Every structure is written in structure tokens, then in C-alpha cells.
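Peer 1: The following block contains the structure, expressed as C-alpha cells.
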Amino acid sequence: MDMDPTKYRRLREAMVKNQIAARGITDENVLAAMRKVPRHLFVSEALQDQAYADHPLPIGEQQTISQPYIVALMTQALQLDKNSRVLEIGTGSGYQAAVLAQIAFRVYTIETIRSLHMNARMLFDRLKYNNIVTRYADGTKGWAEESPFDAIMVTAGAPDIPAPLVAQLDVGGRMIVPAGQMYSQTLVKLVRDEQGIHQSDLGGCRFVKLVGEHGWGNGE
Ligand code: SAH
């Protein structure tokens, strides 16, 4: 079976042109990655025809795959190159990790919902994305054994910037995290240099909540 028919390749080209390049994303690596990754395979079959539309989509377990433009914006903000080691919190469908993996050396991605973790793992295998390493755990604690990272991306909304993640960011490293209220956040970018941590805001956004020890907790 053709996993990536012409129909979807055309929709993907149009997505990159009209939603991403047209809104000012200029990093050629990001544009190329998003032209390449078959986003329709990261959603359920019933939603495949909507996969390239300009909005987020449900992926089950009350979670969502981000709007394509947000994926591009957050990826560009990490300033990746082919040597980068990247940590992602919130594997979800696996789409964001797949985009990161086109550009970076290796992607470490953590998911706290078992079924999503398992599905993403199987899809990475099927698509032969061999530079993605997955883990089923509370991502707010980071991945100490593999730290420090050149870049860290959190794809769920946090009440505060999780301290363990900041601690696992290398000197020269970049981190992007939606932080703020439960139903609306600001995309925060952190950069670590010799002097310390520098923070800037990339605008408003709305993500599903980051649970776990350094997130909104686990509801107990
Ligand atoms: N990057 C994903 C977006 C997924 S939505 C994609 O491209 O599809 C956010 C995901 O973060 C959800 O799957 C949710 O279960 C997960 N999540 C929330 N809190 C988490 C935590 N503490 N550790 C790991 N994953 C978490």
C-alpha cells in the first residue's frame, strides 16, 4: 500500500506554502521537514483528509496534535542543526517528534499516556525514524541519563517552567514551553548561556495540560 499518495503530498506542499512560509517561517530545515513528514499517518483514518488543514486535531485520550503552523514556529525557535540532541515532552501522535527528527541528530520523546506512547513507537518503527527514542514516563522530570540537551520542547501547557527541564538544558541550549493558565498560555523561549537563563515570549497559545509532578499534577 502507498503510505503517502500524491493527494496528500499535494496537500502538504500547499500547507507549507500557505500556512507556514506565508506566515513568516524561514528556516529551510523546518520547511523541508514539514514537506516530508506524512502528517496524515499521525491521525486516525477518519481524520486523514483533514490532516493538512490549518487547525489542531484530536488524537484520542482527549489529546490533540498541534496546528501545523505552531509545530513550525516551535521547531524554528529551537534553532536546530544536524548535531542537535533534542528532548520533547508530550509525544502524543508522534508528529512533532518526527519533524524534529528530520533536522536533529537524535530526538528523545516522553509520553505519559501508555496507548499514545505505544502507537507513536509503532509508527516510528514503520516509518523507520530510527533516531527517535521513546519513553513512557512523567516528562516533567526530564531524562536525566541523557542530559544535557541542546534543545527541549514541551508540547503541553505548564503552570510554570518545570525546573528539572531547565537543569537539563546545556549551555547554549534553547527551550520552548507553553506556560501560564490551564486554558491559555504564552509560548516561552529560554536560552541558557554562560551568564544564565534568558527568557522571551513568542505569543499566546492554547495547549492541553501538562500533568505530572512539575506540571498540573495527576489529579489526586
Ligand atoms: N507533540 C504532540 C502533541 C501532543 S498533545 C504531537 O505532535 O502530537 C500533548 C501530549 O502531552 C499529550 O499526549 C499528553 O498526554 C502529553 N503529556 C501531558 N503531560 C505529560 C507529562 N508530564 N509527561 C509526558 N507527556 C505528557
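Peer 1: In whole Å, what is the distance between the alpha-carbon centres of segment 120-168 and segment 18-63?
Peer 2: So the separation of the two Cα centres works out to 20 Å.
Peer 1: Considering only DSSP beta bridges whose two residues both sit in the chain, what percent are antiparallel, to the nearest 5? Could the numbers behind the result be given before it?
Peer 2: Numbers: 19 of 39 bridges.
Counting only bridges with both partners in the chain, antiparallel ones make up about 50 percent.
Peer 1: Under a cut-off of 18 Å between alpha-carbon atoms, report the lysines in cross-link reach of LYS17, not counting same-chain residues fewer than 8 places apart.
Peer 2: Here the lysines satisfying the reach criterion relative to LYS17 are LYS7, LYS36.
Peer 1: So for each of 116-124, 52-60 I average, over its residues, the number of other beta carbons within 10 Å; can you give me the resulting order with the highest mean first? Don't skip to the end; give the middle numbers.
Peer 2: Working: 116-124: 18.7, 52-60: 15.8.
So the order, starting with the most tightly packed, is 116-124, 52-60.
Peer 1: Work through the residues other than ALA158 whose Cβ is under 12 Å from its Cβ and net out their charges, Lys, Arg +1 and Asp, Glu -1. It would help to have the intermediate numbers written out before the result.
Peer 2: Numbers: positive: LYS209; negative: ASP160, GLU213.
Spelling it out: positives minus negatives among the neighbours equals -1.
Peer 1: I want the antiparallel fraction of DSSP beta bridges within segment 5-116, as a percent rounded to 5. Display every interim value, and only then the final one.
Peer 2: On the way: 3 of 8 bridges.
Roughly 40 percent of the DSSP beta bridges within segment 5-116 come out antiparallel.
Peer 1: Would you mind telling me the share, in percent, of accessible area of segment 172-220 contributed by carbon and sulfur at probe 1.4 angstrom? If you can, show how the numbers build up before the last one.
Peer 2: Details: 1300 of 2810 Å².
Reported share for carbon and sulfur atoms: 46 percent.
Peer 1: Tell me the volume per residue, in Å³, of the convex hull enclosing the alpha carbons of segment 124-220.
Peer 2: Details: hull volume 11.7 nm³, N = 97.
Value for segment 124-220: 121 Å³ per residue.
Peer 1: A further question follows. Of the accessible area of segment 35-101, with the probe set at 1.4 angstrom, what percent is carbon plus sulfur? Working shown, then result.
Peer 2: Values: 1170 of 2510 Å².
Answer for segment 35-101: carbon and sulfur cover 47 percent of the accessible area.
Peer 1: Cut-off under 21 Å on the C-alpha distance; same-chain residues fewer than 8 positions from LYS189 excluded. Which lysines are left, in chain and number order?
Peer 2: LYS189 reaches LYS82, LYS141, LYS209.
Peer 1: Further question on the same structure: Over segment 60-205, average the accessible area per residue using a 1.4 Å probe and give it in Å², no decimals. Working shown, then result.
Peer 2: Numbers: 6140 Å² over 146 residues.
For segment 60-205, the per-residue accessible area is 42 Å².
The values are calculated or read from the model by the stated rules, or taken from the named source; none is laboratory data. In this text the structure is predicted, and so the values were computed from the model without any measurement. Backbone-built Cβ (ideal geometry, glycine too); neighbour counts: all protein chains shown. Remember, those area values only see protein heavy atoms, side chains included, never the ligands or the DNA or RNA. Shrake-Rupley method; radii C 1.70, N 1.55, O 1.52, S 1.80 Å.
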